[in-house]
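Structure first, commentary second.
The values are calculated or read from the model by the stated rules, or taken from the named source; none is laboratory data. Nothing here was measured: the structure is a model prediction, and the numbers come from that model. Neighbour counts are summed over all protein chains in view; Cβ atoms, including those assigned to glycine, are modelled from backbone coordinates with ideal geometry. The accessibility values were calculated without ligands, DNA or RNA, using every heavy atom of the protein model including side chains. Shrake-Rupley method; radii C 1.70, N 1.55, O 1.52, S 1.80 Å.
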Amino acid sequence: MNIKITIFRVVMFCLYFTVGLQAQIVLKADYTDNANAKKVMPYHLNVYNRITPINGVNPAGENKNAKFCIVRPLGGIAKKGIADLTKDSYKWDAKSKKFYTDFTLLKKQIDGVFDKGLEIHQIVLDNPSWAFQRNSNGMLVGDSLKVATYGNAEPPRDYKAWANYLKEVMHFLITTYGSEKIVDIQFNIGREIGTPSHWSGTREQFFEFYKISTNAIRTVLPKAKVGTHFLWGSSKNAWGTDFVKWAYANKVHYDFVGVSYYPFYQRSERTNFDKVYAKDFAVIKDLPEWNTNAKLEMHEYSLIKSLSKAGNSFKKASDAHQNSFMVGLMKMFYQNNMQNIFQWGDGSSYLPASNLLLAMQGNTYFKSKKEGKQQQENNYIDAIFTRDAAKNKYNVLAYNYSANPNANNLETIKIKALVNVKKGTKVKYRIAKYNKTENSVVWSNWLETYTQEEVTGKSSIVLSDKLPVFSFFKYELVIPTK
């Protein structure tokens, strides 16, 4: 009887061990090969969207380097479904029957950022003022103001008048703030183009609108940074691919292309980053016609749980989803040279993850590999590997996200980092682990391990851990110089 029990236990142990190996995921990077060093890492979470911030802006949380994107600053705004002419910077005077500009509110918005010592990353030249629905004689189209979801989505009736107006905008900005300050701000022509509530015209009309707008801006400020903003590549009216090809064929300048990304947190096709990049971003940025001097930015983002019927508001996913997803999103950014997420709100829901990413700013990002298979099909596990050469420090930030919002499992993770030191070299390390309940990160004390033999003159740091779903951890590894 004892023999049978012993045999049974041995069989079960072997079965458990085999299953464990099959389920184990190995995340590894070779720090000894310079070909794996991709780039010095910026921090991509400094930009915040603000819609017509007439009453000024508040810094985003504790972020002292916050930059702002001013949305809808020119007017063309609707309030409770009615055109609000008071916000317009281009107006029609019924008495003199002439158009005129008034930049009082535009200045107030810009001053509200600058007066706090903050920076403007982008000014969006989106909704044209309501006056642009009038013809040269001041007559309205159909004798009415066409109100879309966000205000005026109509193309200007007179593109020449629009171009002259943009020149006045640029002259005003340069005269008021100086060309050196304005040249550091990028100008986005249009917003989420392809959405009828933002642009009711055709694709061809917008491309012409973009060309005229760009020429007007750069006539006044030749080095001005200009670009535009489309929907994600797999959306119904994804014009980004066509824009890049059109700009290349017609020699039209752009410094950036913005893309929106609103993934539903429980949809695998929206949360698998390899597929998302291929379908939504590579189809724009990785085209042969892409301007290699331009950048691809994410101008609107949120991980959403549900969307309103009108499509203009949403409920965010929980903090644990937000944090684990953000690590994976940044992995996609660094791997594919994307830049800047323009955030709504203050980013507090994923602050634990963003703080760890901020601490890695200036590190060198290294390509990595993933081996093995996760226990759950819809789980996505990967890691960001970096090196801080000045401190001889290595960082590994791993995440576990699932398209199943009710998932509740652990994944066994092995980290393997090949380094240029002999076997048996002492390594100091500490671990930051995400606490879902508190939405915070808890650091361990400093621990020690020793490198394992690989090849002559090289060895590997090998560590194993458990990573719960909707969570992440960060390893900081230091090889003492003495």
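Estimated at 0.36 nm per residue, the fully extended path between residue 289 and residue 428 surpasses their Cα-Cα distance by 45.3 nm. Value of Rg to Rh for the chain, rounded to two decimals, is 1.06; Kirkwood radius and Rg both from alpha-carbon coordinates.
Counting only alpha carbon atoms, the long axis of helix 2-23 and the longest principal axis of the chain meet at about 30°. Modelled label positions at residue 390 and residue 184, each set 7 Å beyond Cα in the direction of Cβ, lie 2.0 nm from each other. Modelled spin-label separation between residue 274 and residue 481, with each label point placed 7 Å from Cα along the Cα-to-Cβ direction: 4.0 nm.
In order along segment 384-395, the Karplus-derived 3J(HN,Hα) couplings, from 6.51 cos²θ - 1.76 cosθ + 1.60 at θ = phi - 60°, round to 9, 9, 9, 9, 9, 4, 4, 9, 6, 10, 10, 10 Hz, and Gly and Pro are given as x.
Less than 15 Å from a label point 7 Å out along the Cα-to-Cβ axis of residue 435: which backbone N atoms in segment 447-482 qualify, by residue? Only 472 pass the distance filter. Taking every DSSP bridge with both residues inside the chain, close to 65 percent are antiparallel. Positive-end ranking of 170, 450, 262 along the dipole of the chain, with charges on Cβ about the Cα centre, is headed by 450. Pairs from the table (160/315; 79/315; 295/315; 436/458; 181/391) lying more than 32 angstrom apart at Cα are 160/315; 436/458; 181/391.
Please report the net charge: other residues with Cβ closer than 9 Å to the Cβ of residue 268, K and R +1, D and E -1.
Summing Lys and Arg as +1 and Asp and Glu as -1 gives +1.
Share of carbon and sulfur in the accessible area of segment 48-147 stands at 49%, probe radius 1.4 Å.
Label sites at residue 51 and residue 205, each approximated as a point 7 angstrom past Cα along Cα to Cβ, lie 2.3 nm apart.
Working note: Karplus 6.51/-1.76/1.60 with θ = phi - 60° gives segment 188-193 the couplings 9, 8, x, 8, 6, 5 Hz, where Gly and Pro are set to x. For segment 143-148, putting each phi into the Karplus relation 6.51 cos²θ - 1.76 cosθ + 1.60 with θ = phi - 60° gives couplings of 6, 8, 9, 7, 9, 9 Hz, in residue order, rounded to whole numbers and with x for Gly and Pro. Straight-distance candidates among the aspartates and glutamates for linking to residue 414, with alpha-carbon spacing under 17 Å and chain neighbours fewer than 8 residues away dropped: 30, 371, 382, 448, 453, 454, 465, 476.
For residue 151, the residues whose amide H sits under 5 Å from its own are 78, ignoring neighbours fewer than 5 places away on the same chain, with H placed 1.01 Å from N. Rolling a 1.4 Å probe over the protein heavy atoms gives the chain an accessible area of 47 Å² per residue. Helix 319-336 axis versus longest C-alpha principal axis of the chain: approximately 80°, rounded to the nearest ten. Principal-axis analysis of the Cα atoms of the chain puts helix 104-114 at an angle of about 30° to the longest axis. Ranked by the mean number of other Cβ atoms within 10 Å of their residues, highest first, the peptides 261-273, 41-53 fall in the order 41-53, 261-273. Expressed to the nearest 5 percent, the antiparallel share of DSSP beta bridges inside segment 18-111 is 60 percent.
Ordering of 211-218, 469-476 by packing is 469-476, 211-218, highest average first (other Cβ atoms within 10 Å, averaged per residue).
About the Cα centre, and with charges only on the beta carbon of Lys, Arg (+1) and Asp, Glu (-1), how big is the dipole of the chain? Nearest 20 debye, please. Please report the intermediate quantities before stating the final value.
Numbers: 65 positive and 42 negative charges, 125 e Å.
The dipole magnitude comes to about 600 debye.
Computed over the chain, the per-residue total of -39500 (n - 2.57) for DSSP H runs of n ≥ 4 gives a 222 nm mean residue ellipticity of -8000 deg cm²/dmol, rounded to 500. Sorting the segments 112-118, 74-80 by their residues' average number of neighbouring beta-carbon atoms within 10 angstrom, most packed first, yields 74-80, 112-118.
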